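Any read-out appearing in this document is the output of simple, stated calculations on the displayed coordinates, not a laboratory observation. Worth saying up front: this structure is predicted, and the values here are computed from it rather than measured. No Cβ is skipped: glycine too gets one built from the backbone with ideal geometry, and neighbour counts run over all protein chains shown.
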Ligand code: GUN
């Protein structure tokens, strides 16, 4: 029987721990979130970040620029926040409009205030196994594994996806935990031969329900980082068993979509030993880890 790893419980524990630490501080940490344009998903993510900050006692500010802001204006705003001593963490929600160079923006955030861990200085420290502010999503995956008492050391871990936000830092963090790590991607040959050897399989591809039974080793720990909108009823029927199907079809009828990860839940239930659901898995940890990173950034900078 597969065990479902609930992100909700773990995220709540982490947020409670952060809230306890924040209470001990004379001045609470301060997070500044920058949003550009009207990306629908970004609006939801930013709202969740602000709400979580409030819940744990972190002060948050939200600057929302129109999609027509110039790169120079955005850089100027970040420059001001970098030198503002009351600000501990700066987060620029991605993606940015195409006329703005995302790399240049991420590089402009002071590494000490880079609570996303995307600045090359922090990414470089992670690569070297040094103390740093880690990217929130992979850090959340490590928390799920550790707090569920899943052994990482010596295990074969396969990460599918090589993004700077998830795949690459995920691989580095698993390596730091002494796993034997393989990174797969869109050009990998014989993908299922590699993934079917994984004790820990991390899917961060961005393709709804792509991982099926043939990709999963019997009893493996399957961590689903994907969040995809599925509108096609026939795909929903393929991915869900009777326990969830009706609810999912209802969502497609009423909202026009249902949120699905990169792993077929039906396949995971048949083959995996542990599985993170979507929604209710890794996504909740990302926000909890942002709170933890903001706390850490404030403690490191102020001491
Ligand atoms: N867009 C999607 N994921 C993320 C994230 O973790 N941080 C930021 N800043 N933007 C994102």
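Note on the chain: GNM, Cα springs under 10 Å; of 234, 86, 267, the largest mean-square fluctuation is that of 234.
DSSP bridge analysis restricted to segment 153-298 gives an antiparallel fraction near 15%, rounded to the nearest 5. In the chain, the DSSP-assigned H stretches of four residues or longer account for a calculated mean residue ellipticity at 222 nm of -14000 deg cm²/dmol, using -39500 (n - 2.57) per stretch and the full residue count as denominator. For the options 275, 127, 118, a Gaussian network treatment of the chain with springs between C-alpha atoms closer than 10 Å singles out 127 as fluctuating the most. Its relative contact order, with pairs defined as Cα atoms under 8 Å and 6+ residues apart, puts segment 124-189 at 35 percent.
Among 160, 150, 10, the ranking by other beta carbons within 10 Å of each residue's beta carbon, starting with the fewest, stands as 150, 10, 160.
DSSP finds beta bridges in the chain, and of those with both partners inside it, around 10 percent are antiparallel.
When 187, 212, 237 are arranged by Cβ crowding within 10 Å, least crowded first, meaning fewest neighbours, the order is 187, 237, 212. Structural descriptor for segment 80-187: relative contact order 20 percent, calculated from alpha carbon pairs under 8 angstrom and at least 6 residues apart. Relative to the dominant Cα principal axis of the chain, helix 167-176 is inclined by about 90°. Computed from Cα atoms, the angle from the helix 136-147 axis to the main principal axis of the chain rounds to 60 degrees. Projected over every direction and averaged, the convex hull enclosing the alpha-carbon atoms of segment 58-139 yields 5.8 nm². Evaluated over the Cα positions of the chain, the convex hull gives a direction-averaged projected area, one quarter of its surface, of 15.9 nm².
Measuring nothing but how far apart in sequence close Cα pairs (under 8 Å, 6+ apart) lie, relative to its length, segment 232-303 scores a relative contact order of 23 percent.
For segment 1-160, what Kirkwood radius comes out of the mean inverse Cα-Cα distance, in Å? After inverting the pairwise mean of 1/r, the radius is 17.5 Å.
Here 195, 180 are placed in order of increasing Cβ neighbour count within 10 Å, fewest first, which gives 180, 195. Against the chain, whose longest principal axis is taken from its Cα atoms, helix 242-255 shows a tilt of about 50°.
The modelled label-to-label distance for the pair residue 151/residue 197, using points 7 Å beyond Cα in the direction of Cβ, is 1.9 nm.
Computed over the chain with a Gaussian network model linking Cα atoms closer than 10 Å, the most mobile of 57, 167, 89 is 57. With a Förster radius of 25 Å applied to the beta-carbon distance between residue 164 and residue 48, the computed FRET efficiency rounds to 0.70.
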